Amino acid sequence: MIRYKLVCNKDHDFEGWFRDSAAYDAQAKKGLLVCPTCNSKRVAKAPMAPAVSKKAELAEVATKAKAMREWVTNVRKHVEQNAEYVGERFPNEARAIHYGDAKERQIYGEATLDDARELIEEGVPVAPLPSLPRADS
Ligand SMILES: [Zn+2]
């Protein structure tokens, strides 16, 4: 069974249940669809937002959240394996590398928003690491 939201030529909307879309087409063609409010036979399918059950919606959100967590974990893992952790020296190190005063390498560490903004304004390529609240809470 499928449910269609129907609307007549006077804008009354109502619902109709049909075995399938062919059954709807057949009834519509024979003029069997009648508006229950005004008895108009000029009835058509109303545009309807796809119906998603709450459960399916929640499952989808959970799946997306899981994928997001995995992505964040992977990014962090990649950075931690390929870059040197410099902690709070990050702004200075990043600057030193950018200006050729330190060995060119990938680093990561701590920076305040202001530090990061200054670095970016100077043209030092920095990017924030994604973080998420602990998944095991
Ligand atoms: Zn009507």
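The values are calculated or read from the model by the stated rules, or taken from the named source; none is laboratory data. Computed from a predicted structure; not experimentally measured. Every residue, glycine as well, gets a Cβ built from its backbone with ideal geometry; the counts of neighbours run over all protein chains shown. Keep in mind that these areas ignore ligands, DNA and RNA; they rest on the heavy atoms of the full protein, side chains included. Shrake-Rupley method; radii C 1.70, N 1.55, O 1.52, S 1.80 Å.
In summary, Glu80 fulfils each of the numbered conditions (1) more than 16 Å from the ligand (Cβ to nearest atom); (2) farther than 24 Å from Pro130 by Cβ; (3) not basic (Lys, Arg) with the single exception of condition (2).
Condition check for Tyr4 on (1) touching a helix residue (DSSP H, G or I) at 6+ places or on another chain (Cβ under 9 Å); (2) open to solvent by 80 Å² or more (accessible area, probe 1.4 Å); (3) within 16 Å of the ligand (Cβ to nearest atom): one failure, at (2). In the condition set (1) touching a Pro at 6+ places or on another chain (Cβ under 7 Å); (2) open to solvent by 50 Å² or more (accessible area, probe 1.4 Å), Pro36 is compliant with all but (1). Of all the residues in segment 65-122, those that are open to solvent by less than 50 Å² (accessible area, probe 1.4 Å) and in contact (Cβ under 8 Å) with a residue 40 or more places away in the chain number 3.
The set of residues from segment 7-28 being open to solvent by 40 Å² or more (accessible area, probe 1.4 Å) and near the ligand (Cβ under 10 Å from one of its atoms) comprises Asn9, Lys10, Asp11, His12, Asp13.
Taking (1) under 15 Å from Ala127 (Cβ atoms); (2) open to solvent by 80 Å² or more (accessible area, probe 1.4 Å); (3) at pLDDT below 90 in turn, Leu58 satisfies each apart from (1).
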